[in-house]
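The structure under discussion appears below in the form of structure tokens.
The values are calculated or read from the model by the stated rules, or taken from the named source; none is laboratory data. This is a predicted model, so every value here is computed, not measured. Please note: Cβ atoms are built from the backbone with ideal geometry, for glycine as well, and neighbour counts cover all protein chains shown. Calculation scope for accessible area: heavy atoms of the full protein, side chains included, ligands and nucleic acids excluded. Shrake-Rupley method; radii C 1.70, N 1.55, O 1.52, S 1.80 Å.
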Amino acid sequence: FKYYLKWFYNRADVVIAVSPYTRGELIRMGIKRPIEMIPNSVDAKSMQSTAKERHEIRTSLGIPDDKFIVIGSGQVQPRKRFDEFVKIATELPDVQFIWIGGIPFKAAGANSAHLTKMMHDAPTNVMVTDVIPNDEARRYTKIGNLMFMPSEQETFGLSIIEGAAAGMPVLVRDIHDYDATFGDLVTRGDDKTFLKKIKRFRTDQQFYNDGVKKSAALAAKYDSKVICQQLMDLYWSLVKK
């Protein structure tokens, strides 16, 4: 498949990479065509919500308004570290953890049997949505107080932008993949510090507010209105050649 991708990409006038990491992977693959770095984007406005909307969504899910909710998102696969998400949830039984996603390829997914059992045996304060439509995923994201993404590797992390656009702080693993894309606009940690930082987000209002401000800046940076113009400029430059 990689040989096909190499052939296919090298037929293009230009290849778009969503992050410096992706650009590096394309170069290592042997892509000789021009590579432009234009990130993924989200419609930030679509992630915004009112207090009334959040109350209605929480009520429909049987979650009280004062319950602190931690959101994770993505395919349940080894690199996403769903196991760490569950481990932290076990340490915080009074917090609601929601993982938006599942195993889309079922038995064909990596470690599917083990991960399926982990989802089934998760503590009562962990809700796993399975694979759901985008509109429904947005409903869950909007009610979160904190986005927690313990992934060990990411090409970009679009759901992180969605969480930021929804107005909550974002806690991620401290990995090189995020250096150029998110920088210090997210809070970083590791398996030794995740629990401590989540507790701090719950108890330190200033720390939480700082996280919200970072997320606002992150959402603005990757808003579709901004990225759309970059794409249009690239397309026009090709047309005019």
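Brief remarks on what is shown
- The listed residue being more than 14 Å from the chain's Cα centre (by Cα) and either in contact (Cβ under 8 Å) with a residue 60 or more places away in the chain or open to solvent by 40 Å² or more (accessible area, probe 1.4 Å) (or both), out of THR124, THR141, THR155, THR129: THR124
- Any hit, the range 93-114, residues being under 23 Å from VAL42 (Cβ atoms), out of contact with any strand residue (DSSP E or B) (no Cβ under 7 Å at 6 or more places or on another chain) and in a loop (DSSP other than H, G, I, E, B): yes
- Meets criteria (at pLDDT below 95 and not in a loop (DSSP other than H, G, I, E, B)) for ASP177: yes
- Filter result for MET232 (within 30 Å of VAL15 (Cα to Cα) and surrounded by 17 or more Cβ atoms within 10 Å (Cβ to Cβ)): no
- The range 180-233: number of residues that are in a helix (DSSP H, G or I), charged (D, E, K, R) and under 17 Å from ALA164 (Cβ atoms): 7
- When PHE68 is tested against (1) modelled with pLDDT of 85 or more; (2) more than 27 Å from ALA216 (Cβ to Cβ), exactly one condition is not met: (2).
- Near pairs, Cβ below 9 angstrom, 6+ apart or cross-chain, from the range 58-71 (more than 20 Å from VAL86 (Cβ to Cβ)) to any residue that is β-branched (Val, Ile, Thr) and part of a strand (DSSP E or B): ARG58/ILE69
- Enumeration of residues in the range 93-120 that are farther than 14 Å from ARG81 by Cβ and either at pLDDT 85 or above or aliphatic (A, V, I, L, M) (or both): PRO93, ASP94, VAL95, GLN96, ILE98, ILE100, ILE103, ALA107, ALA108, ALA113, LYS117, HIS120
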